[in-house]
1. What is the packing order of peptides 123-136, 23-36, taking the mean over residues of other C-beta atoms within 10 Å and listing the highest first?
2. Based on Cβ point charges of +1 for Lys and Arg and -1 for Asp and Glu, what charge dipole magnitude is obtained for the chain about its Cα centre, in debye rounded to the nearest 20?
3. If you build the convex hull over the alpha carbons only and average its shadow over all orientations, what do you get for the chain? Give it in nm² to one decimal.
4. Order the peptides 47-55, 13-21 from the highest to the lowest mean number of other Cβ atoms within 10 Å of their residues.
5. What net charge do the residues around Arg108 carry, taking every other residue with its C-beta under 14 Å from that of Arg108, with Lys and Arg at +1 and Asp and Glu at -1?
6. Tell me the relative contact order for region 1-137 as a rounded percent, counting alpha carbon contacts under 8 Å between residues six or more apart.
7. With +1 on the Cβ of every Lys and Arg and -1 on the Cβ of every Asp and Glu, and nothing else charged, how large is the dipole of region 24-79 about its Cα centre, in debye rounded to the nearest 20?
8. From the square roots a ≥ b ≥ c of the eigenvalues of the alpha-carbon gyration tensor of region 77-148, which class results: rounded (a/c under 1.5), prolate (a/b over b/c), or oblate?
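Since every read-out is calculated from the coordinates, none of them should be taken as a lab result. On a predicted model such as this, the values are computed, not experimentally measured, just so you know. Reconstructed Cβ throughout: ideal geometry from the backbone, glycine too, with neighbour counts over all protein chains shown.
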Amino acid sequence: MTDLARFAELVPLDHGLSVVVTLRADHTPHTTVVNAGVLAHPTTGERAVAFVAAGGTRKLAHLRTNPTIAVVVRAGWQWAAVEGRAQLIGPDDPHSQVGDEQLTLLLRDIFSAAGGTHDDWATFDQVMREERRTAVLVSPTRVYSNPT
């Protein structure tokens with residue numbers, strides 16, 4: 001089952017605070033914490049889990065080699081997990097259907113979907129460019145959670 005409703009329900013309860021698991025080259029897990037949300041994929045329109053990653057991070061290096069990913073969001077003792085494949089869209093991972101202006105809006109949309117707000121979008125956009133931020137979009141292949 002790949003319904004992201006449960007994941008989306010938990011995002012606003014703790015700013016989308018999520019654990020991400022990627023795979024190193026030796027197939028061991030690498031974990032990190034991000035703020036994630038749910039939104040429409042910019043090219044397919046399908047619902048996806050998304051987060052923003054700074055350029056040069058290990059998670060991006062791992063995902064470029066192997067796009068297998070798991071993301072777990074939690075709020076209190078409630079949690080939902082999404083397993084799938086990640087697609088990267090950013091300055092170091094260009095997409096033919098997502099230009100610079102669309103990337104700027106996509107990064108804003110992901111930030112907002114994860115519960116973020118900003119008073120100065122121009123500064124936000126500048127920081128995203130300077131840090132070579134990349135959109136990570138997870139197309140789900142499996143979604144599960146604890147009982148509600």
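1. On the way: 123-136: 18.0, 23-36: 13.0.
Descending packing order for the listed peptides: 123-136, 23-36.
2. Working: 13 positive and 16 negative charges, 111 e Å.
So the dipole magnitude of the chain works out to roughly 540 debye.
3. Values: hull surface 34.4 nm².
If I average the Cα hull's projected area over directions, I get 8.6 nm².
4. Details: 47-55: 22.4, 13-21: 19.1.
Most protected by this proxy first, the peptides run 47-55, 13-21.
5. Details: positive: Arg129, Arg133; negative: Asp100, Glu101, Asp109, Asp119, Asp120, Asp125.
Its environment carries a net charge of -4.
6. Details: 251 pairs, mean separation 42.2, N = 137.
Relative contact order here is 31 percent.
7. Numbers: 6 positive and 2 negative charges, 22 e Å.
Dipole of region 24-79, to the nearest 20 debye: 100 debye.
8. Numbers: a/c = 3.13, a/b = 1.55, b/c = 2.02.
Oblate, since a/c reaches 1.5 and b/c is not below a/b.
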